[in-house]
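Following: one structure in structure tokens, then a few remarks.
Just so it is clear, none of the values below were taken in a lab; they were calculated from the coordinates. From a predicted model like this one, the values you see are computed outputs, not experimental measurements. When we count neighbours, we look across all protein chains shown, and the Cβ atoms used for this are built from the backbone with ideal geometry, even at glycine.
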Amino acid sequence: MELQRTLETLLLRRQSGRRYSSAAVPADALMRVLHAGQGQRAGDEKRMAPSAHALYPLKLFVLVRRASDLEPGVYEFEPRQGELRRSDLNIAAGALLSVSLAGDEWLEQAAVVVVITADIRRALEHFRDQQADGMRGKRYVDFEAGATVQNMALSVAAQGLGGVVVMGIDEQQLKRYLALESHMEVVTLYCIGVPVESHAADTP
Ligand SMILES: Cc1cc2nc3c(=O)[nH]c(=O)nc-3n(C[C@H](O)[C@H](O)[C@H](O)COP(=O)(O)O)c2cc1C
């Protein structure tokens, strides 16, 4: 029952949070969020979120603006080691807002933005024979990204952070910004920050 109560508390706390303070997200909190999303599960080769046929087509890019102990920049999350690997990429200020279909300003204000990408070619090929329209792999990728976001959102809620999924984006433009290989696609974004309400500096 205790676990059930904890779960219900977390589910109630999981709400989209779009107003962030200027505070940095603690790096250990960020790593817990990423681990909840796509980290390798202790004891086997599988991950924290489910994947059809354990294919694991998702890859997380992490745009860090303000996180303690981490230089601003673009990182790739390594599920096995639970580490961030710095990439050569830079996402210019304003670039994320420019791909928003709805002028979602929190894309620029979030301390961290996780970009969920997927090896769509691999997913489509793997499940090609399962359905006549050949799109099953795409549906599975979207489903797995949803499970990943929900895991991250519960971790964000548990740690008193704020987060929101942003899917209203020009995925192709963002794919160019991230210089993704042709077989990779952007699926969705997840913004993370320290909520305005819980940051002492925001309290007059
Ligand atoms: C598939 C999906 C796409 C979404 N896209 C956006 C988005 O582009 N921008 C945004 O600010 N919120 C987006 N949201 C968040 C919803 O607006 C939010 O979940 C909804 O208002 C319910 O509020 P809650 O998350 O606090 O329960 C999206 C949510 C889902 C599930």
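What number of residues within region 166-186 satisfy the criterion of being closer than 15 Å to Gly94 by Cα, assigned to a helix (DSSP H, G or I) and within 15 Å of the ligand (Cβ to nearest atom)? Result for region 166-186: 2.
Of all the residues in region 1-44, those that are polar (S, T, N, Q), in contact (Cβ under 8 Å) with a residue 60 or more places away in the chain and crowded, with 17+ Cβ neighbours inside 10 Å number 2.
Based on this model, can you work out whether Asp142 counts as closer than 20 Å to Glu185 by Cα, within 16 Å of the ligand (Cβ to nearest atom) and surrounded by fewer than 22 Cβ atoms within 10 Å (Cβ to Cβ)? Give the derivation first.
Values: closer than 20 Å to Glu185 by Cα: yes; within 16 Å of the ligand (Cβ to nearest atom): yes; surrounded by fewer than 22 Cβ atoms within 10 Å (Cβ to Cβ): yes.
Answer is yes for this residue.
Please determine whether any residue of region 80-96 is within 17 Å of the chain's Cα centre (by Cα) and within 16 Å of the ligand (Cβ to nearest atom). Looking for residues that are within 17 Å of the chain's Cα centre (by Cα) and within 16 Å of the ligand (Cβ to nearest atom), one finds at least one in region 80-96, hence yes. The set of residues in region 93-113 being touching a helix residue (DSSP H, G or I) at 6+ places or on another chain (Cβ under 7 Å) and surrounded by 21 or more Cβ atoms within 10 Å (Cβ to Cβ) consists of Leu96, Val99, Leu107, Val112, Val113.
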